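The values are calculated or read from the model by the stated rules, or taken from the named source; none is laboratory data. Quick caveat: nothing in here was measured; it's all calculated off a predicted structure. Don't worry about glycine lacking a Cβ; one is built from the backbone with ideal geometry, like all the others, and counts go over all protein chains shown. Accessible surface areas use protein heavy atoms only, side chains included; no ligands, DNA or RNA. Shrake-Rupley method; radii C 1.70, N 1.55, O 1.52, S 1.80 Å.
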Amino acid sequence: MRRVIVIGGGISGLAAAWSLRGRAEVTVLEAGDRIGGKLRTTPLAGVPVDEGAESLMALRPEAVELAEAVGLGGDLRDPAPGPVTLWSRGALRALPPGHVMGVPPDPGALDGTGLLSEAGLARLREEEGLPAPPLSPDGDPSVAEYLAGRLGREAVDRLVEPLLGGVYAGEVDRLSLRSALGPVAALAGRGGSLLAALRNRPARPPRAAVRGVVGGTGRLPAAVARESGARIVTGTPVTGLRRAGGEWRVTTTTGSLAADALVLALPAHAAAPLLAGLAPEAAEALGGIRHADTAVVALAFPAGTEAALPPGNGFLVPAVEGRTIKAATLLSRKWAFPAGGPCVVRASLGRAGGPPVLSAPDPDLVAAALGDLRAAVGPLPAPVATRVSRWAAGLPQYDTGHAARVDRARTAVAGLPSLFLCGAAYEGVGVAACVASGLRAAGAAADSF
């Protein structure tokens, strides 16, 4: 049986280990004291509350299928129905249905919503009359550079940015259109009106865009690890890699291990130093990827508070509003928490290029989140419990040129025998994309035997 070492115990590495079950003897090395990466669920006021991702993308299949395969299929559930809501211009305003990452195929659907000013609406309506040459095949404009030219800057700042901010915590002036908004970039490559192309897209079957796990998404890593049959070793940072005698030698803080193949399932900033002596071009490319610091403030309010909250599952906040929070989720309503328990709300903070959040003490972050929540939804009682979760360098930034950076890294690593990359820096930052990245790396490792 071949030996594979997976370095990194987040969901990407665990998915790779699961995929290799029965085909290799797998060891997963995790530097921290727990597996799961940014999938972590802990109790707050007696109920399990996610500290990182609280749902699985369902519009692509990998994460949901993995959850089903490891025994969590019966615990998957859809969120309560509700529109995407923005806290904009002093009010909570729902995006009309049918939008694509905030871009409305029909500008008329925004009439009366207050989401855009009259000038902003007028500029949006001009889109179909503008010259629209195809996006150059080798062009990689920023989201703002391309969409502001088509839709106007106000539409970008007020409609598109808050949705991308919720995914990447990124800056629309730096995020790559191709890497962050692939479907829109594909339409741009054809030329012609973007809004007309969006209206002519095939209708998507009605289904929830995301799914949750009863008891929290933090259950997924443990289930995947258990079903993988892999040896899981936590508290074991990897300090070096070298090739010797036709095999890989992995040096850790506690010793050395040998393997026939390696899966490097680390954040880009952690993978880069390990590759510096082996594939300098890969290390340089991965080291050049920016990361955003984020924090999640969870607040548990007394039972009954939910009835006083406005409709919907939460809201997103455009950066131009100048608020501390970028999003708030009414978890108790979205996932139908048991009646009689606390009302739990999560606020997300931190944007690339924005004010730092990790340097502020917990009480300051809680106070800022609570102040913004009260400004958005009205009076709220004092919370009965709070928790701040900090994610330093938690989200890789898919800036312009990102795809080329990833290609350079993978090309450089391809010159190393049986070493493969996966993680949030390569194919998307969501759970489904990370799972897909891990499965891809595992398949390549198996093919290398």
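Looking only at helices (runs of 4 or more DSSP H) that fall completely inside the stretch 159-248, which ones have 2 or more residues that are over 22 Å from residue 75 (Cβ atoms) and in contact with a Leu (Cβ under 9 Å, 6 or more places away or on another chain)?
Here the list reads 161-168, 177-180, 182-188, 194-199.
So which residues in the stretch 314-337 are assigned to a loop (DSSP other than H, G, I, E, B), open to solvent by 40 Å² or more (accessible area, probe 1.4 Å) and either among the aliphatic types (A, V, I, L, M) or free of Cβ contacts under 8 Å to residues at least 40 places away in the same chain (or both), if there are any at all?
322, 336
Residues 234, 217, 253: which one is out of contact with any Asp or Glu (no Cβ under 6 Å at 6 or more places or on another chain) and either surrounded by 17 or more Cβ atoms within 10 Å (Cβ to Cβ) or of a type in the set (Val, Ile, Thr) (or both)?
253
For the stretch 11-32, name all the residues that are surrounded by fewer than 19 Cβ atoms within 10 Å (Cβ to Cβ) and assigned to a loop (DSSP other than H, G, I, E, B).
The answer is 21, 22, 23, 31, 32.
Quick check: anything in the stretch 154-165 at pLDDT below 95, over 24 Å from residue 122 (Cα atoms) and surrounded by fewer than 19 Cβ atoms within 10 Å (Cβ to Cβ)?
no
Within the stretch 81-115, count every residue that is open to solvent by less than 30 Å² (accessible area, probe 1.4 Å) and in a strand (DSSP E or B).
6
Looking only at the stretch 148-176, count how many residues are in contact (Cβ under 8 Å) with a residue 40 or more places away in the chain and closer than 22 Å to residue 429 by Cα.
17
Are there any pairs with C-beta distances below 9 angstrom linking a residue in the stretch 287-313 that is closer than 30 Å to residue 412 by Cβ and among the basic types (Lys, Arg) to a residue that is at pLDDT 95 or above and assigned to a loop (DSSP other than H, G, I, E, B), with the two at least 6 apart or on different chains, and if so which?
290/174; 290/397
Looking at 194, 164, 147 in this structure, which one is more than 25 Å from the chain's Cα centre (by Cα) and not polar (S, T, N, Q)?
Testing whether each residue is more than 25 Å from the chain's Cα centre (by Cα) and not polar (S, T, N, Q) leaves just 194.
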